[in-house]
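Have a look at the structure below, then the notes.
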Amino acid sequence: MKINHSQPLEYSTEHNRFSILGFWIFLGAEIMLFGTLFASYFVLVDHTGNGPVGAEIFEITPILMETIFLLTSSFTIGLAIHAMRVGKQKAMITFFIITLLLGMGFLGYEIYDFFMYVHEGATIQTSAFTAILFLTLGTHGAHVTFGLFWGSVIITQLIKHGINYETANKSFIFSLYWHFLDVVWIFIFSFVFLKGMM
Amino acid sequence: MDFFNRFAIPNPTPTIYASMVAIALTVIAVIIGLTYFKKWGYLFREWLTTVDHKRIGIMYLISALLMLFRGGVDAIMMRAQTAVPENTFLNAAEYNEVFTTHGVVMIFFMAMAFIIALMNFVVPLQIGARDVAFPRLNLLSFWLYFVGAMLFNLSFVLGGSPNAGWTSYFPLAGTQFSESVGTNYYMWALQISGLGTLMTGINFIVTILKMRAPGMTLMKMPMFTWSALVTNIIIVFAFPVLTVTLLMGTFDRQFGTNFFTMTNGGDDMLWANLFWVWGHPEVYILILPAFGIYSEVIPTFTQRNLYGYKSMVLSMVIISLLSFMVWVHHFFTMGQGALTNSIFSFTTMLIAIPTGMKIFNWLLTIRKGKIRFTVPMLYSLGFIPLFTIGGVTGVMLAMASADYQYHNTMFLVAHFHNVIIPGVVFAMLAGLTYWWPKMFGFMLNEKIGKWAFWFISIGFCLAFFPMYISGLDGQARRMYTYSAETGFGVWNMISFIGAGMMAIGFIIIVYNIYYSIRYSPRNVGDDPWNARSLEWATHNPVPEYNFAVTPQVNSSEALWDAKKNGHKLFKGELKEIHMPNNSGLPVIMAVLFFVFGFSFVFSIWPGVILSGVGIFSSMAYQSYMKDRGKHISVEEIKETEAKFGGGKK
């Protein structure tokens, strides 16, 4: 494996560069995925049938908590990558773990939110609006859940092998993924929740 | 017994029972054959687990040909049923299933697979690479496609085929009107194979952007590679839309949501819109690589540079952008209002401009060329006029107000077959014949190939031109029969004869393959067509590592330049080559995905959960696995090169 030391570690081999470019293209596909969900959401947002409208079921506290958790986790994964760049393995792993814990916090609140919706009579079967609401939030939540498993796999490899061109590459790609989920959440926060509560 | 009742076929007929027996016998025969000839190990090591892009391409090719047979049988059954008025060969329910599976199989499992087969085989060779960027992912893509195709075909004998048309419009495709699990199969087969296609898209974009031989700038890429790049970009942006759409369809059918229902705020037009937001780009995913193939074949057999290289690239890019802006023209009659229809009518007609540019470029390439009428060239020459007719009828359909007359008639059916068959199918047959010697080391017989060409193209004209007339007279598509008074009988009989001729044409192709395997000479050289691009600069058949020395390119017609202007393609010494190892994990994941899809179709939740856990565990296992590939030593390369007839230039 040829390692180019003039590049950052995560870009240092040909395969690493391929993986990062490939992942950016994958994120392009993910934008289309969430774009389709948002487009469908805007179409169906007023199709509430006999069910509740958004303003009746949205509650600001859990949503704010979710937002704080996820935005902070985006910051800590950035710190983890910074620690990786300066070669501090311990700090990197710590920030990785904090990121995943914040992600879990986010997920906990989201699940709580889902229970509250169902409790208030807005199940996935109630109306077209609730269906697309659950599908959009659920797709994002499923991405976060997948990220938790993925991140854990990377942490075990960091502990075992330290920072090398392979683990650096994986961690960097994971950070791209995690930031992306944050961006999607900002859209959900603005256009689903804030707009819905106004 | 309740558990097993779900697997029953809703409308069993002797044909289906016969198929069950036939499938069982075939499976047993294959298993006995492999065991008897002790080929299990060979099959598994050399093919099923291979990460070699050339072998993956050939596996796609074989699957595509099998699916062509399945879709073709469906087509013949439809034409036979409508050949005479009031026919009772198929009943209405069977006819619904047949036209649905014909569409799905031909688009997803035949045409897509054929296109990806040729891309897999040709693109890395054309850019002078040793493999694709992510070889293991490439194998996984193949397996996901294959699992999707098998799942879809299984519906015929377990649980019932989908019957809501290949577009599966809701509410028809909802549980209220399509009770059987058929449409569940549709959702999951397409979901799984679509996932594979998306990964292929990512893989090839990275391959083409990052792995080109030194000197091959973007504007010096062969045209087929350009078409592959544009196509894969469309794939990456179009397929996620399908993913979401199918997911919503699944939720509506299996979890009782109201996305597309008629009650509780559901919006059935949302399905139509989303489906075609993916569906129209899909049309260009199929046709652009076909254009790329013609752009390789025509210069080769006229011995002239491709006319208007830059405008060819530009027109493909414009087509790819426009392809996302025309989807409403598939349902002008479904109540959008005049303004929306006018806008989409306009954007649709715009597509004729870049397409027309391409037609003229091909014509100007042929002009003053030294034409050799080989089989690939015959398909290309047949393509130009026939496709233009299809394009012109497309512009007729694009006129929103006139479309009220054509909509959902046989006129439409004639139009899209008129672009898909001379466009995509002719290109695939041309490409297959053209690259066959690169794949297998011998040529297909030209004389038999020409017979096939004439049967297929004359058969095509007979089968589809009458539909324009009967369509304008008002024959609706997807109707299983009609009365004698309508006067459609004669046109449908001509269609049936044409379809029969096409079937004979395909049988001739199969015979040609058999004949050529037995009798074709094996010493055809590396470059039997006197061609122009890099894939012909290496041996026949191609060694595992493609090129012993990475080629140096300085024009868009790299090999032609080397042959005529003495440019040296291969400079430098042999070096150790790094290649990826085979991987069994994609096969295991394929099995897991099959169990996942199958269990989901029948709502067997333990199966869904177990296989889902299995899929994620495989991904984690892959992450922990240390596999840095293997190295082929210089001695080994020298040995291989000598075996293939001497070191390369």
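The values are calculated or read from the model by the stated rules, or taken from the named source; none is laboratory data. Keep in mind that this is a model prediction, so the values were computed, not measured. A quick note on method: Cβ atoms are made from the backbone with ideal geometry, for glycine too, and the neighbour counts reach across all protein chains shown. SASA here: full protein model, heavy atoms, side chains in, ligands and nucleic acids out. Shrake-Rupley method; radii C 1.70, N 1.55, O 1.52, S 1.80 Å.
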For the range A:111-161, state what percent of all Cα-Cα pairs lands in each successive 10 Å bin, counting from 0 Å until the bin that includes the largest distance. 24, 35, 20, 14, 7, 0
Which FRET efficiency, nearest 0.05, do B:Y514 and A:T61 yield, Cβ-Cβ r, R0 60 Å? 0.25
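Please work out whether the range B:301-460 counts as rounded, prolate or oblate from its C-alpha gyration tensor, where a ≥ b ≥ c are the square roots of the eigenvalues and a/c under 1.5 means rounded, while otherwise a/b larger than b/c means prolate and anything else oblate? Before the final figure, lay out the partial values.
Working: a/c = 2.68, a/b = 1.78, b/c = 1.51.
Because a/c hits 1.5 or more and a/b exceeds b/c, the range B:301-460 counts as prolate.
For the protein assembly as shown, what does the alpha-carbon gyration tensor say about shape, rounded, prolate or oblate, given a ≥ b ≥ c as the root eigenvalues, a/c under 1.5 as rounded, and a/b over b/c as prolate?
Here the protein assembly as shown falls in the oblate category.
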Compare B:S180, B:S495 by solvent-accessible area with a 1.4 Å probe and give them largest first, with all protein chains kept in place. B:S180, B:S495
Could you tell me how many degrees, from 0 to 90 and to the nearest 10, lie between the Cα long axis of helix A:14-44 and the main elongation axis, the longest principal axis, of the Cα atoms of chain A? 10
In degrees, nearest 10, range 0 to 90: what is the angle between the Cα axis of helix A:165-187 and the longest Cα principal axis of chain A? 20
Where does the longest stretch of chain B lie that holds no GluC sites (Glu not before Pro) found in a DSSP loop with 16 or fewer other Cβ atoms within 10 Å? B:180-543
Shape call for chain A from the C-alpha gyration tensor, a ≥ b ≥ c root eigenvalues: rounded (a/c under 1.5), prolate (a/b greater than b/c) or oblate? prolate
Ignoring ligands, DNA and RNA, what percent of the accessible area of chain B is carbon or sulfur (1.4 Å)? 69
Can you list, bin by bin at 10 Å, the percent of alpha carbon pairs in the range B:162-301, starting at 0? 11, 34, 25, 16, 10, 3, 0
Please report how far the C-alpha centroid of the range B:630-644 lies from that of the range B:218-246, rounded to the nearest whole angstrom. 35
Determine, from the Cβ-Cβ distance of A:T72 and B:N91 and an R0 of 45 Å, the FRET efficiency 1/(1 + (r/R0)^6), rounded to the nearest 0.05. 0.10
Could you compute how much accessible area chains A and B hide from each other, both sides summed, with a 1.4 Å probe? Nearest 100 Å² is fine. 3100
Residues of the protein assembly as shown: accessible area per residue at 1.4 Å, in Å²? 40
Please determine, in degrees from 0 to 90 and to the nearest 10, the orientation of helix B:14-36 with respect to the longest principal axis defined by the Cα atoms of chain B, where the helix direction is its Cα long axis. 20
Name the residues of the range B:189-217 whose accessible area, probed at 1.4 Å, falls by at least 40 Å² once all protein chains are in place instead of their chain on its own? B:I202, B:V206, B:K210
Please report the carbon-and-sulfur percent of the accessible area for the range A:53-197; probe 1.4 Å, protein heavy atoms only, DNA, RNA and ligands left out. 74
Could you rank the peptides A:3-13, B:65-75 by their average count of other C-beta atoms within 10 Å per residue, with the highest value first? B:65-75, A:3-13
At what distance in nm do the modelled label points of B:L209 and B:T26 sit from each other, each positioned 7 Å from its Cα along Cα→Cβ? 4.0
